[in-house]
Amino acid sequence: MNVRLVTLLILPILFWGNGIALPPHNTASDKSHSSNKSNSKNRPTLKIMAKGKLSPETLNSFLIRNNSEVDAAMLRRLVKTYIIEANREGVNYEVAFCQMCLETGFLKFEGSVSKYQHNYCGLGCVDLYSGGDWFSSMEEGVRAHVQHLKAYASHEPVRGPLVDPRFNNVKRGTVTEITGLTGTWAMDPDYGHKLLALINRLHTL
């Protein structure tokens with residue numbers, strides 16, 4: 001038998017007997033790394049100017065879980081409108097939708113704003129007694145909301161007709177993340193954290 005071949009056959013046996021072996025492939029580490037990458041993809045973004053990822057069905061389900069008496073047909077139309085208007089302006093529709101949930105109490109409208117105002121984000125409400133702005137339709141109200149978010153988060157002009165009556169009152173591009181809406185959009189010191197908590201809940205569905 002060839003001496004070289006014999007050596008190649010014997011050496012691994014000698015190393016194994018002396019406790020010398022190649023370390024096993026760490027599959028657990030690979031799985032953990034893969035899981036972390038997957039989680040980072042599913043993690044919600046704090047950016048206002050971003051692309052929403054969740055389906056309309058997820059948004060519908062989230063609101064219904066918190067308000068079982070909402071009109072289902074109206075809600076589907078509202079969700080669709082938020083996605084269309086937000087995508088047009090480059091705003092994250094998940095942020096806009098969750099802010100609507102926060103401002104309207106999941107469309108229960110138990111504050112100073114009436115559902116007939118089509119004001120889904122408290123525009124013009126400076127205290128508990130002021131009713132805020134009125135809009136002619138659901139579409140106009142959602143468009144004004146999305147445009148007001150864009151006013152805070154971007155220097156870019158709006159792409160649709162300007163309907164936000166307070167668009168030019170905002171210092172443009174000063175709030176890029178939702179936590180920055182505290183003290184700007186609302187004076188509630190926990191406003192940004194409340195919004196973030198809603199978005200995190202939405203992403204657990």
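Readers should treat all values here as calculations from the given coordinates under stated rules, not as data from a laboratory. Keep in mind that what you see is a predicted model, and the values were worked out from it rather than measured. Glycine gets a Cβ as well: all are built from the backbone with ideal geometry, and neighbour counts include every protein chain shown.
For the residue pairs LYS115/LYS194; LYS53/LYS150; LYS80/LYS115; LYS115/LYS171; LYS47/LYS115, alpha carbon separations beyond 26 Å are given by LYS115/LYS171; LYS47/LYS115. Exposure proxy ranking for ARG172, ARG143, ARG159, based on other Cβ atoms within 10 angstrom of each Cβ and starting from the fewest, stands as ARG159, ARG172, ARG143. Evaluating 6.51 cos²θ - 1.76 cosθ + 1.60 at θ = phi - 60° for every residue in the range 87-98, the Karplus couplings come out as 5, 4, 9, x, 8, 5, 5, 5, 5, 4, 5, 5 Hz, glycine and proline recorded as x. Here the simple spin-label model places points 7 Å from the Cα toward Cβ, and for SER136 and SER68 these points are separated by 3.9 nm.
Applying 1/(1 + (r/R0)^6) with r as the Cβ-Cβ distance of HIS193 and THR45 and R0 = 25 angstrom yields a FRET efficiency of 0.95. In this rough spin-label picture, where each label sits 7 Å from Cα along the Cβ direction, the TYR116-LEU128 distance is 2.4 nm. Using the Karplus relation 6.51 cos²θ - 1.76 cosθ + 1.60 with θ = phi - 60°, the per-residue 3J(HN,Hα) values for the range 145-160 come to 4, 4, 5, 5, 4, 5, 4, 6, 9, 8, 9, 6, x, 6, 9, x Hz, with x marking Gly and Pro.
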